[in-house]
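First the structure, in the form of structure tokens, and then the observations on it.
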Amino acid sequence: GKERIPLRHKTEQRFRDSIRRVFFAYALVPMLIVALAAYVLSYTFLNRSMRMRNINLNQEIATALSADITAYQRKLRSLAQDDAIRTLFESGEAGVSLYEELYRFSNSQPLRCGFYFLRQDLSPVAASNTQVPAYLSAAGGIIKRMGETPDAVRVAWEQDTRRADRYLLLGHAAQADGAVLGYLLFEAEPQILAARIGEPSPISVIIADN
């Protein structure tokens, strides 16, 4: 008949199997801990590297744009004090010499901006584009801020909600005898900004009014 295995042997076999399972479990736990620790460290390192890259990139962008913005701020202050600008708003006629000056200045800058010289109702007196941007509003944004502080250059981001594009604007109020006649604006389009900072898409950086 079939040989019977003694009970003692069965017990010893079960005991050895139990020991093997215990050793396997104890060996597996450290391996899982090491694997988890490696994952956490890798994620932390990658996250920190990406964060540092973003910080460095933003610093590079801010540095690159700082000189550009300063140049346009100076130009706006000069224009705001120019008697020819007062005459422009009073007569409503922009001469060829003004357009030549504005295009010559913009083309000489690393960041080439369009320009809009607008009356208080936002109709153009002189502009590099025949259509005034839809995102400009007398009720808010940079237009309102120029009206509130007509002696200061204002810097702002404005968004075209139709396309989710963001534009960098620099502006100064045009005045005569303390009264606001209109607004002088330079506009950097998203594509121009992207080309200037060497990125495939525009990046928003913190820019303060000055």
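Scanning region 187-210 for residues that are modelled with pLDDT of 90 or more and small (Gly, Ala, Ser) returns a single hit, Ala188. Within region 127-145, can one find any residue that is surrounded by fewer than 13 Cβ atoms within 10 Å (Cβ to Cβ), under 19 Å from Leu193 (Cα atoms) and without any contact (Cβ under 8 Å) to a residue 40 or more places away in the chain? Yes; the residues of region 127-145 include at least one that is surrounded by fewer than 13 Cβ atoms within 10 Å (Cβ to Cβ), under 19 Å from Leu193 (Cα atoms) and without any contact (Cβ under 8 Å) to a residue 40 or more places away in the chain.
Going by the structure shown, is Ser108 under 25 Å from the mean Cα position of the chain (by Cα), of a type outside the set (A, V, I, L, M) and open to solvent by 30 Å² or more (accessible area, probe 1.4 Å)? In short, yes.
Looking across region 162-186, the residues that are closer than 23 Å to Arg112 by Cβ, assigned to a strand (DSSP E or B), open to solvent by 10 Å² or more (accessible area, probe 1.4 Å) and at pLDDT below 95 come down to Asp165, Arg166, Tyr167. Within region 147-161, one or more residues are surrounded by 14 or more Cβ atoms within 10 Å (Cβ to Cβ), modelled with pLDDT of 90 or more, of a type in the set (Lys, Arg) and touching a Gly at 6+ places or on another chain (Cβ under 6 Å). Taking first residues from region 73-99 that are under 25 Å from Leu111 (Cα atoms) and open to solvent by less than 30 Å² (accessible area, probe 1.4 Å) and partners that are part of a loop (DSSP other than H, G, I, E, B) and at pLDDT below 90, the Cβ contacts under 7 Å between residues at least 6 apart in sequence or on separate chains come to Gln73/Asn210.
Scanning region 77-96 for residues that are part of a helix (DSSP H, G or I) and under 16 Å from Gly178 (Cα atoms) yields Arg77, Leu79, Ala80, Asp83, Ile85, Arg86, Thr87, Phe89, Glu90.
The values are calculated or read from the model by the stated rules, or taken from the named source; none is laboratory data. Note that the structure is a prediction, hence the values are computed from the model and not measured. Heads up, the Cβs are rebuilt from the backbone with ideal geometry, glycines too, and the neighbour counts pull from every protein chain shown. Side chains are part of the model used for accessible areas, which takes the heavy atoms of the whole protein and leaves out ligands, DNA and RNA. Shrake-Rupley method; radii C 1.70, N 1.55, O 1.52, S 1.80 Å.
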